[in-house]
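The values are calculated or read from the model by the stated rules, or taken from the named source; none is laboratory data. Predicted model only: the values in this text are computed from it and were never measured. When we count neighbours, we look across all protein chains shown, and the Cβ atoms used for this are built from the backbone with ideal geometry, even at glycine. In case anyone asks, the SASA skips ligands and DNA or RNA and just uses the protein heavy atoms, side chains included. Shrake-Rupley method; radii C 1.70, N 1.55, O 1.52, S 1.80 Å.
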Amino acid sequence: MSSSEIADAAGVLRAGGLVAFPTETVYGLGANAEDAAAVGRVFAVKGRPPTHPLIVHIARADRLDDWAADVPEPARVLAERFWPGPLTLVLRRSPRIPDATTGGLETAAIRVPNHPVALALLSAFGGGVAAPSANRFGSVSPTTAAHVRAELGDAVDLVLDGGPCAVGVESTIVDVTGGEPTILRPGGVTREDLEAALDRPLAVPGSSSIRVPGQHPSHYAPRARVVLVAPDDVVVEAERAHDRGERVGVLLPPAVAGAGAEVKAHAVVAVPASTAAYAHRLYGFLREFDREGCDLVVASLPEEHGLGLAIANRLRRAAGPRPPA
Ligand code: AMP
Ligand code: MG
């Protein structure tokens with residue numbers, strides 16, 4: 001990536017335009033976080049409801065107080081330990097962040113991403129960049145520049161190509177505005193690492209929202225329907241749908257793939273045994289099933305520790321009830 005490309009991208013942001021850029025989690029669709037009109041374009045391009053606030057990306061942890069008020073000690077500990085990195089902190093907002101960016105909330109979500117292109121862009125721009133994932137609302141997040149172009153095309157002024165995203169799932173969001181830090185969304189920083197840094201157990205509220213399937217409308221979802229079954233039932237479930245005439249994509253769990261199972265289905269992917277490798281490739285697998293024209297994806301949940309917690313959360317949301325077409 002040349003410095004003139006970065007300078008051009010910063011100029012687009014200053015002019016109120018939209019720049020898609022790589023981070024270590026997924027590609028973001030960025031706008032000047034202080035420009036309500038530019039932020040409005042992000043919502044319009046994504047088809048995202050204005051009540052879903054955006055994460056503000058900044059270049060340096062030591063500028064946190066420019067963007068947040070009354071930063072509590074646990075937030076400082078987490079920022080120090082995990083930034084730049086796949087952790088987003090929800091804090092009281094600074095008045096410089098407009099309602100358009102926070103969805104009218106008095107809190108703001110802030111992160112320093114760990115990607116050289118993102119950091120170069122943020123430094124060249126100098127301000128905060130509000131960026132959700134660079135995809136239409138509810139669909140699978142992009143982890144390559146090609147995904148962004150395929151999904152958003154000309155709606156974006158500029159796409160910076162920084163190669164595939166290393167982590168592959170979104171950031172962990174931790175709310176530090178209350179007494180006890182709580183995980184709002186599991187992601188690239190594990191619960192275990194957060195607990196070690198804070199030296200105490202962390203609440204994952206809506207454990208219900210994370211554990212109970214089908215309770216939330218779908219998000220992170222491919223076009224194909226997603227059904228989740230126990231690992232031992234993946235093959236039978238896939239073959240039953242295949243025999244009904246459906247085009248089935250299968251995420252074959254490591255234990256089943258390792259046992260050498262043959263599956264009658266349209267597209268079969270052996271899930272990597274390492275959760276880091278699985279997270280890195282998960283959204284690519286789901287996009288591939290859509291490209292293959294699959295009607296249905298059959299999968300099972302990984303064990304919910306480490307990155308497995310984030311993967312399971314995304315698969316549950318992908319399997320959630322779909323809005324009426
Ligand atoms: P994304 O969908 O990856 O853009 O992540 C944005 C998510 O961050 C939102 O959907 C919220 O869950 C969360 N978020 C952003 N801003 C706030 C905020 N001010 N308070 C609470 N959660 C927030
Ligand atoms: Mg998103």
Contact order relative to length for the range 166-325, counting C-alpha pairs under 8 Å separated by 6 or more residues, stands in percent at 33
How much of the accessible area of the range 225-318, probe 1.4 Å, is carbon plus sulfur, in whole percent? 50
Sorted peptide list for 18-29, 280-291, criterion being average Cβ within 10 angstrom, highest first: 18-29, 280-291
Calculated from DSSP H runs of 4 or more alone, at -39500 (n - 2.57) each and per residue, what is the 222 nm mean residue ellipticity of the chain, nearest 500? -9500 deg cm²/dmol
Filtering trypsin sites (Lys or Arg not before Pro) in the range 227-265 by DSSP loop and by at most 14 other Cβ atoms within 10 Å leaves Arg244, Lys264
The chain: relative contact order from alpha carbon pairs under 8 Å, six or more residues apart, as a whole percent, is 19
Once you treat every alpha carbon in the range 3-198 as an equal point and sum by Debye, what is log10 I(q)/I(0) at q = 0.14, 0.16, 0.19 Å⁻¹? -0.71, -0.94, -1.37
In the range 86-134, carbon and sulfur make up what percent of the accessible area (probe 1.4 Å)? 56
Counting only C-alpha contacts under 8 Å and six or more residues apart, can you give the relative contact order of the range 93-199 as a whole percent? 15
Protection proxy ranking of 73-80, 32-39 - average other beta-carbon atoms within 10 Å, highest first: 32-39, 73-80
Under a 1.4 Å probe, what is the accessible area of the chain per residue, stated in Å²? 41
